[in-house]
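The values are calculated or read from the model by the stated rules, or taken from the named source; none is laboratory data. Everything numeric here is computed off the predicted structure, so don't read it as measured data. All Cβ positions, glycine included, derive from the backbone under ideal geometry; neighbour counts span all protein chains shown. The area values use the complete protein model at the heavy-atom level, side chains included, leaving out ligands, DNA and RNA. Shrake-Rupley method; radii C 1.70, N 1.55, O 1.52, S 1.80 Å.
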Amino acid sequence: MSPATFPFSRGTLPTQLFINNEYIDPKDPSTFSVFNPRDNSLVSNKVPQAGPEDVDAAVSAAEAAFPQWKAITATERRRILLKFAALVQEHAEALAELTRLTLGAPYNAFGKFEIDLCTNAFEYNAGWIDKFAGEAYPQQDGFMRITRHEPLGVTAGIVPWNGPIGTVGLKAAPALATGNCFILKPSEKTPFAALALGALIKEAGFPPGVFQVLSGDGKTGALLASHMRVRKVSFTGSIPTGKKVQKMAAESNLKRVTLELGGKSPAVVFDDANLENAVTWCVNAITINTGQACFAASRVYVQEGIFDKFTEKYKAALEEKAKGINDPEDPSTVMGPLVDKAQFQRVTGFVERGAQTNKILTGGQRVGDKGFYIQPTVFTDVKQDEEIYKEEIFGPVSILNSFKTEEEVLKKANATEYGLMAGVFTQDINRALRVASEFESGMVGVNCISLNFLNTPFGGSKQSGLGRECGRDALEHFTEPKTVMINLTY
Ligand code: NAD
């Protein structure tokens, strides 16, 4: 499929569900609207809302496809996943444009990154297909034992709006690589790139029913999470919704659940840190995707000896970033708008309430008078009981506090129900490793923060999540171990 024949663009948006390898109108006639955050103009009021009959149709198609997909040779399955990855890459700009219309993420600053993440995830997981072996225990007491990783059957991925295609790679690729069928439910705020994947799914050669896309809001998500014939839900989103998903999973068929949830991640900078390096990581980590990143470094703690110098450089670097706030359609734009009016009101609400009792180091203002642009904003000397200290804001807003000792800062860094990401900046390897082991967090950066790799587990501790994506862990979370016991004396 050449770019010329890719059927979707901003002028021809996908507005049908993708079920059993066909684009079809939903049985439920309801639709919802989406808006462009650059100016709040209507993008479409025709996005389909998959209802119970549509969800049942997709689940039935997936069930019918499962035996064939599970049994397909490893070579053939790998070929299909790799072809899909190549197609996503070939249409990267078109897919990113479909996302940008409602997310507002500039291509060079974020759109390309998240499409690459999807492509790389499919390539990485395709490589596992014939290498994800079980174990064999030699004869003992007359029995040999073999363990196998069995696919679960019909699985579903419910994803958020802040990485609409990257998160598809993290969920669909390991699910499909291990022989499951997969139903994708994109966020109601960013449905188009996900729906457009249908054309590429078919072109890549996935058999009908193996990989399907159902747009809809939380009601569609709830239908999947509570469905009696869906065997696993991999969810990325907020903590309150994640808890609902887990409850629905338990109360229906005890389906397996993976939860990738929110964060309030601490960056801890010691006196001996390389200042430029620490500032660069901390600034990028709170401005990428306009701060709408689960693992954003939103709490920065700097030791007293370099606090003033760090503060000066952090402020200057964020103000430099703010100069790159512009229309996401402009390729030189560094930061686009927040995703929509609701998110803009949420973030500016935190900033306005925070400003009543705290000092703003930089930012705090809306940019322009249309669209949902906001300056990167830093509060200093924030008390631990303030909401801006405790709650995930999900915008380019951080708090900057000083500390004296390692013991003190670890207590502060860990005094939260979140546990997704943390970072320590120091030249002392002993301290780096000690602090890394003390952080209550699923991921820790040493002299870096807010990053991930496809071959190592990605996810949070405490209320930031349950289970892991990426690496071998993702494959394990999409399979069930089976023990085969062989009686050698028979
Ligand atoms: P959200 O919880 O509002 O929605 C996430 C998805 O869940 C959407 O597709 C939504 O339609 C669906 N949903 C809503 N109600 C549902 C219900 N009752 N049952 C089933 N599904 C339902 O989250 P959001 O606003 O889209 O995303 C932002 C959140 O996601 C932030 O908290 C962020 O930290 C988190 N996030 C986490 C990670 C991670 O990997 N840990 C990555 C990205 C985003």
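Annotations
- Computed accessible area, Cys181, all protein chains, 1.4 angstrom probe, square angstrom: 0 Å²
- Taking label points 7 Å from Cα along the Cα-to-Cβ direction, Ile429 and Asn40 give a separation of 5.5 nm.
- Among Val446, Val230, the order of accessible area from largest down is Val446, Val230, computed with a 1.4 Å probe on protein heavy atoms.
- Principal axis extents of the Cα atoms in the chain, from largest to smallest and rounded to whole angstrom, are 73, 64, 41.
- Charge-dipole axis of the chain as Lys and Arg at +1 and Asp and Glu at -1 on Cβ define it, positive-most pick from Cys294, Asn430, Val351: Cys294
- Vicinal HN-Hα couplings computed from phi for segment 118-128 (Karplus, 6.51 cos²θ - 1.76 cosθ + 1.60; Hz; Gly/Pro x): 5, 4, 5, 5, 5, 5, 4, 6, 4, x, 7
- Taking every C-alpha pair closer than 8 Å and separated by at least 6 residues, the mean separation divided by the residue count of the chain gives a relative contact order of 18 percent.
- Arg79/Asp272 FRET efficiency (R0 41 Å; Cβ-Cβ; nearest 0.05): 0.20
- Amide H contacts under 5 Å for Thr333: none, restricted to partners 5 or more places along the chain or on a different chain, H placed in the peptide plane at 1.01 Å from N.
- By DSSP, the beta bridges lying fully in the chain are antiparallel in about 45 percent of cases.
- Counting only protein chain heavy atoms and rolling a 1.4 Å probe, the accessible areas of Met144, Met485, Met421 rank, largest first, as Met485, Met144, Met421.
- Whole-Hz ³J(HN,Hα) from phi, Karplus 6.51 cos²θ - 1.76 cosθ + 1.60, for segment 214-227, glycine and proline x: 10, 7, x, 8, x, 5, 5, x, 5, 4, 6, 5, 9, 6
- Amide H contacts of Phe211 (H built 1.01 Å from N, in plane; Pro and chain starts excluded): Phe182 sit under 5 Å, all sequence-distant by 5 or more or on other chains.
- Bridging of Lys255 to aspartates and glutamates at a Cα separation below 14 Å is possible for Glu480, once same-chain residues fewer than 8 apart are set aside.
- Relative contact order [Cα under 8 Å, 6+ residues apart], segment 423-488, whole percent: 23 percent
- Heavy atoms of Trp281: accessible area, 1.4 Å probe, square angstrom to 10: 80 Å²
- Taken per residue, the accessible surface of the chain reaches 40 Å², heavy atoms only and a 1.4 Å probe.
- Dipole moment magnitude, nearest 20 debye, the chain about Cα centre, only Lys, Arg, Asp, Glu C-beta charged: 760 debye
- Links that overshoot a 23 Å alpha carbon limit, given the list Lys313/Lys404; Lys219/Lys390; Lys390/Lys462: Lys219/Lys390
- Loop sites in segment 233-340: trypsin sites (Lys or Arg not before Pro), DSSP, at most 14 other Cβ within 10 Å: Lys323
- Alpha-carbon centroid distance for the pair segment 440-454 / segment 44-112, whole angstrom: 28 Å
- Helix 74-90 and the long axis of the chain differ in direction by around 40°, with both axes built from C-alpha atoms.
- Spatially proximal lysines relative to Lys370 (Cα-Cα < 25 Å; intrachain offsets below 8 disregarded): Lys46, Lys189, Lys321, Lys323, Lys341
- Across the protein chains, with a 1.4 Å probe defining accessible surface, the residues Thr12, Thr167 rank Thr12, Thr167 from largest area downward.
- Column: log10 I(q)/I(0), Debye, Cα scatterers of segment 266-454, q = 0.09, 0.10, 0.13 Å⁻¹: -0.30, -0.37, -0.63
- Dipole axis of the chain (+1 Lys, Arg; -1 Asp, Glu on Cβ), positive-most option in Val409, Thr241, Ala64: Ala64
- Among the GluC sites (Glu not before Pro) in segment 301-385, none sits in a DSSP loop with a Cβ that has at most 12 other Cβ atoms within 10 Å.
- Cα long-axis angle, helix 304-322 against the chain (0 to 90 degrees, to the nearest 10): 70 degrees
- Rounded percent of accessible protein surface that carbon and sulfur make up, segment 266-454, 1.4 Å probe: 49 percent
- In this rough spin-label picture, where each label sits 7 Å from Cα along the Cβ direction, the Ser252-Arg145 distance is 3.4 nm.
- The 3J(HN,Hα) values that the Karplus relation (6.51, -1.76, 1.60; θ = phi - 60°) gives for segment 166-181 are, in residue order, x, 5, 5, x, 5, 9, 5, 4, x, 4, 6, 4, 8, x, 8, 8 Hz. Gly and Pro appear as x.
- Charged side chains reduced to their Cβ positions (Lys and Arg at +1, Asp and Glu at -1) give segment 266-454 a dipole of some 220 debye around its Cα centre.
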